[in-house]
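The values are calculated or read from the model by the stated rules, or taken from the named source; none is laboratory data. Since we're looking at a predicted model, the values are computed, not measured. Don't worry about glycine lacking a Cβ; one is built from the backbone with ideal geometry, like all the others, and counts go over all protein chains shown. SASA here: full protein model, heavy atoms, side chains in, ligands and nucleic acids out. Shrake-Rupley method; radii C 1.70, N 1.55, O 1.52, S 1.80 Å.
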Amino acid sequence: MNHELSIQNSLTRQKEKFVPLKEGFIGMYVCGPTVYSDVHLGNCRTFVSFDVMYRFLLHLGYKVRYVRNITDVGHLVDDADTGDDKIGERAKLEQLEPMEVVQKYSNGFHEMMDIFNTRKPSIEPRATGHIMEQIEMVETILANGLAYEKNGSVYFDTIKFASTHDEYGKLSGRVIDELLVETRDDLKNQDEKNHPSDFAIWMRADESHLMKWESPWSIGFPGWHLECSAMSTKYLGEQFDIHGGGNDLKFPHHENEIAQNIGACNCSPAKYWIHTNMLLMNGRKMSKSDNNSITPDQLFSGDSEHITKAYSPMVVKFFMLQSHYGSTLDLTDAALLAGEKGYKKIMEANRYLQGLAGGGSGNAELETKIQELIDQAVADMHDDFNTPKALSRLFELVPIINSHKDGKDGFDTISAEAISAMQETFKVYLFDIFGLQDEFETEGNAIADKFSGLMELIIDIRKDARTEKNWGTSDKIRDKLTELDIQLKDGKEGTHWTLN
RNA sequence: GGUCGCGUGGCCGAGCGGUUAGGCAGUGGUCUGCAAAACCAUCUACAGCGGUUCAAAUCCGCUCGCGACCUCCA
């Protein structure tokens with residue numbers, strides 16, 4: 001089958017056929033976290049979403065350069081243009097060096113990304129490592145007449161940019177006329193900026209500021225939006241294929257990023273913009289201040305008033321994959337519970353499937369259906385990375401697999417080719433593309449092997465008891481194992497066991 | 001107030017002009033010493049009101065409700 005990849009492009013608000021700028025190669029830039037506190041669960045959803053895209057593009061055979069930055073300077077606590085940045089603020093609070101703060105939370109972030117089994121980006125640049133590039137970009141923008149200096153700070157001139165380029169507001173849907181109207185009302189009590197919508201690309205630092213660098217204008221620090229422009233240009237060129245980030249970065253961050261890039265090189269940076277939607281909890285955006293939030297660790301330990309039990313990382317990831325990245329996802333205890341059961345069901349089916357060898361004489365009808373489902377899963381992923389739909393195809397294959405397990409008539413006739421096609425599909429989708437892990441199997445193979453042997457022994461002993469109709473012993477074994485979260489399932493072909 | 005988006009069955013969540021989405025929960029059956037699992041069957045839908053169309057959850061309009069952004073946020 002010949003599939004075309006299509007992507008919902010935020011810039012044009014349309015689903016477009018994906019054509020890379022250079023055949024076979026893809027440059028993808030995703031705005032990474034600001035490392036001033038522990039990772040937020042919403043961050044995790046975003047980066048899991050982009051990880052799946054990255055994995056899928058690799059699966060399609062593209063050579064992908066995936067750049068995801070770490071913001072370690074410039075991200076202000078508020079918009080007063082006077083306050084310290086988030087890192088500096090935190091450093092004072094925790095009595096640490098700013099770089100200690102950065103290191104601490106970067107480590108935490110990376111650990112969490114590992115826990116969620118995401119692939120590392122090709123390049124993970126830091127803003128503080130690219131001060132020179134940012135200063136150069138400010139110089140270029142100034143030279144192009146799209147910025148102005150005031151008291152050692154440099155501001156991007158949005159009004160001039162909007163009047164000379166028909167670009168500002170395109171991504172976020174802001175109307176530039178409104179910016180102009182605002183001028184009259186807001187001009188009186190203005191700070192250094194000529195206009196409220198102008199934004200700093202370089203800021204002069206005051207005495208108390210911890211992180212500052214020399215520049216032609218002042219000792220100061222770069223504006224938050226500038227780092228992404230500078231680093232994407234450095235590693236992916238002035239134009240590249242995909243730029244991603246959370247929905248909430250559209251404005252002002254991404255809008256300003258585009259303005260800066262155009263201001264510097266007169267070209268729009270990314271061909272396709274992808275925005276992931278928010279993770280909600282109980283219908284609202286997660287927010288620490290509203291007490292409507294949960295950390296990944298709380299989720300894993302069950303230590304939160306919002307949930308009734310602990311959920312493993314893969315269950316959480318599976319839960320995320322059951323919705324499309326472009327939609328909001330509502331996290332509730334009931335939804336997680338449902339996700340957990342679904343996750344276990346598909347992993348168990350996969351384990352059985354991968355253990356199959358050989359095949360039957362053939363079953364044209366069933367095999368046609370299997371092939372259709374496999375093809376549809378492939379098509380679903382090509383259709384704007386539709387993970388929930390692709391997953392649903394795998395779920396439709398599960399009854400077929402389980403029927404085979406039950407030895408039902410007709411199902412054991414599936415040919416070896418069809419079985420291996422399913423094996424390959426499950427393996428590729430679950431593990432390579434979705435980046436899931438079978439949590440039972442990853443719990444240490446050596447121990448798992450011994451454990452399996454032990455379980456076989458116990459099941460064998462119980463089988464003897466059952467043959468003698470010694471139900472007391474039989475049930476005692478089963479009940480005790482249940483207490484240990486090991487479940488026995490008596491089937492036609494013997495007893496299977498699973499971990500709960 | 002402005003911009004964008006959303007309202008799908010008990011819950012989560014796809015679909016976006018004509019087909020059973022899927023998961024979880026429920027119900028009835030098969031299997032079973034019992035249980036669980038599995039398998040088979042099955043019940044709950046497209047916020048409301050109009051319009052376009054042979055045909056609308058899907059397009060258009062209005063009403064109601066909700067969310068995000070407009071200030072830092074993935």
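Some observations on this one:
- Among residues of segment A:332-372, those that are in contact with a helix residue (DSSP H, G or I) (Cβ under 8 Å, 6 or more places away or on another chain), within 13 Å of RNA strand B (Cβ to nearest atom) and open to solvent by 70 Å² or more (accessible area, probe 1.4 Å), counted: 2
- For segment A:464-480, the set of residues classified as within 10 Å of RNA strand B (Cβ to nearest atom) and either closer than 23 Å to residue A:348 by Cβ or open to solvent by less than 100 Å² (accessible area, probe 1.4 Å) (or both) consists of A:465, A:466, A:470, A:472, A:473, A:474, A:475, A:477, A:478, A:479, listed by residue number.
- For segment A:395-415, the tally of residues that are open to solvent by less than 40 Å² (accessible area, probe 1.4 Å) and more than 8 Å from RNA strand B (Cβ to nearest atom) stands at 7.
- Residue-level check: of (1) touching a residue at least 12 places away in the same chain (Cβ under 8 Å); (2) open to solvent by 80 Å² or more (accessible area, probe 1.4 Å); (3) over 24 Å from residue A:201 (Cα atoms), residue A:97 misses just (1).
Listed here are the residues, each with its yes/no results for (1) in a loop (DSSP other than H, G, I, E, B); (2) modelled with pLDDT of 95 or more.
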| residue | (1), (2) |
| --- | --- |
| A:92 | no, no |
| A:113 | no, yes |
| A:140 | no, yes |
| A:155 | no, no |
| A:159 | no, no |
| A:169 | yes, no |
| A:172 | yes, no |
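- Of all residues in segment A:201-220, none are within 9 Å of RNA strand B (Cβ to nearest atom) and open to solvent by less than 50 Å² (accessible area, probe 1.4 Å).
- Residue ID - surrounded by the fewest Cβ atoms within 10 Å (Cβ to Cβ), chosen from residues in segment A:10-60 that are part of a helix (DSSP H, G or I) and in contact with a Lys or Arg (Cβ under 7 Å, 6 or more places away or on another chain): A:55
- Check on residue A:63, modelled with pLDDT of 90 or more, within 20 Å of the chain's Cα centre (by Cα) and of a type outside the set (Gly, Ala, Ser): yes
- Search result, residues across segment A:222-240 that are open to solvent by less than 10 Å² (accessible area, probe 1.4 Å) and more than 16 Å from RNA strand B (Cβ to nearest atom): A:240
- Condition check for residue A:72: within 15 Å of RNA strand B (Cβ to nearest atom) and more than 19 Å from the chain's Cα centre (by Cα): yes
- Those strands (runs of 3 or more DSSP E) of segment A:254-370 in which at least 3 residues are out of contact with any Ser or Thr (no Cβ under 6 Å at 6 or more places or on another chain), considering only elements entirely within it, cover A:270-276.
- Test for residue A:146: is it closer than 14 Å to residue A:258 by Cα, within 15 Å of RNA strand B (Cβ to nearest atom) and modelled with pLDDT of 85 or more: no
- Every condition in (1) at pLDDT below 90; (2) assigned to a helix (DSSP H, G or I); (3) within 30 Å of residue A:324 (Cα to Cα) holds for residue A:443 except the one numbered (2).
- Checking each residue in segment A:13-44 for being within 11 Å of RNA strand B (Cβ to nearest atom) and either β-branched (Val, Ile, Thr) or over 30 Å from residue A:93 (Cα atoms) (or both) picks out A:13, A:14, A:15, A:30, A:34, A:35, A:39.
- Residues in segment A:247-267 that are open to solvent by 10 Å² or more (accessible area, probe 1.4 Å) and either within 9 Å of RNA strand B (Cβ to nearest atom) or not assigned by TED's automatic domain parsing to the domain that holds residue A:235 (or both): A:247, A:248, A:249, A:250, A:251, A:252.
- Exactly one residue out of A:323, A:327 is within 10 Å of RNA strand B (Cβ to nearest atom) and surrounded by fewer than 18 Cβ atoms within 10 Å (Cβ to Cβ), and it is A:327.
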